[in-house]
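The values are calculated or read from the model by the stated rules, or taken from the named source; none is laboratory data. If you're wondering where the values come from, they're calculated on a predicted model, not measured in any experiment. Cβ atoms come from the backbone with ideal geometry, glycine included; neighbour counts cover every protein chain shown.
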Amino acid sequence: MPTSARSFGQVAPYYDDLMKQVPYRMWGGYYLLLLANQDIHPHKILDICCGTGTMCELLTDEGFEMEGLDLSEGMVAEARRKAKKKHLNIRYEVADAANFDMGTTYDAAFSFFDSLNNIVDPDRLQSAFRTAARHVVPGGSFIFDLNTAYAFEQSLFDQENMRANAKLRYKWTGDWDPSSRIITVDMRFWYQDQSFREIHVQRAYGESEVREMLLNAGFGEIQVFNSYTLNPPRPKSDRLHFAARRL
Ligand SMILES: C[S@@+](CC[C@H](N)C(=O)[O-])C[C@H]1O[C@@H](n2cnc3c(N)ncnc32)[C@H](O)[C@@H]1O
């Protein structure tokens, strides 16, 4: 079973509330900038690891035809519930990014918010890139972001909100293992008089390792940016965006 099948389960109904400070609109703008920078003008786009579908909704509003997939049934259920409520025609499927078949192709695919770091086995990440390549038309775009090892070294996941008036209280503690490049995050949540716990696991991948996997999968013209800029990565980049063209 993929490691991440146990995560993003119980938290799914609270995910959007937890992420309400996340600047999805800015991310949408940055995505459009990266596409323009690639000179790729998609119509139909796949969101790999779409979560509760927030990016799909924003990009539907921009006029794109969006589809999304995610491993978590709970996250996909939330995405479908939201789309139905907003009368948005977005197809969502429960599927593993490392090996899926949507039965169609796309002009572009993307995966945001370090979702692919959740694939901790490098062979499975390679498989995810090959699977993405099978779904993107030649000349199409594949864009994603990854947390860096630097982010994990800086205890990115050590976060808490234990304020008494918070709707969902939480306390997260990350345990970074530099030898395996894996961080294991113990996430505890409290909602009214209930509590639950999720263990999330992410792996840090080096830029050259990712470039090689993308080339192996059939992507080229690979660009790597210090996230939310068009600048190259820096030693202290905590997140990188990769943009590649399907050959
Ligand atoms: C941090 S969330 C990001 C969700 C969404 N992209 C966003 O920006 O809000 C990571 C998502 O990746 C999904 N995920 C993790 N491993 C996956 C896999 N192997 N295949 C598909 N989805 C996966 C999780 O279920 C979760 O919804």
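Does region 212-226 hold any residues that are crowded, with 17+ Cβ neighbours inside 10 Å and touching a helix residue (DSSP H, G or I) at 6+ places or on another chain (Cβ under 8 Å), and which are they?
MET213, LEU214, ALA217, GLY218, PHE219, VAL224, PHE225
Kindly list, by first and then second residue, each pair from a residue in region 105-125 that is assigned by TED's automatic domain parsing to the domain that holds GLU67 and part of a helix (DSSP H, G or I) to a residue that is within 7 Å of the ligand (Cβ to nearest atom) and at pLDDT below 95, limited to pairs with Cβ atoms under 7 Å and residues at least 6 apart or on different chains.
Matching pairs, first to second residue: ASN118/SER4.
When you check GLU78 against the structure, is it within 13 Å of the ligand (Cβ to nearest atom) and part of a strand (DSSP E or B), yes or no?
In short, no.
Out of LYS20, LYS84, report the one residue that is free of Cβ contacts under 8 Å to residues at least 24 places away in the same chain, on the phi < 0 side of the Ramachandran plot and part of a loop (DSSP other than H, G, I, E, B).
After ruling out the rest, the residue left standing is LYS20.
Checking SER7 against (1) modelled with pLDDT of 95 or more; (2) within 12 Å of the ligand (Cβ to nearest atom); (3) within 15 Å of the chain's Cα centre (by Cα), which single condition isn't satisfied?
For SER7, the failing item is (1).
Hey, among the residues in region 213-233 that are more than 18 Å from the chain's Cα centre (by Cα) and among the small types (Gly, Ala, Ser), which one's nearest to SER127 (Cα to Cα)?
ALA217
Check region 45-53 and report whether any residue there is charged (D, E, K, R) and over 16 Å from the mean Cα position of the chain (by Cα).
No, region 45-53 has no match at all.
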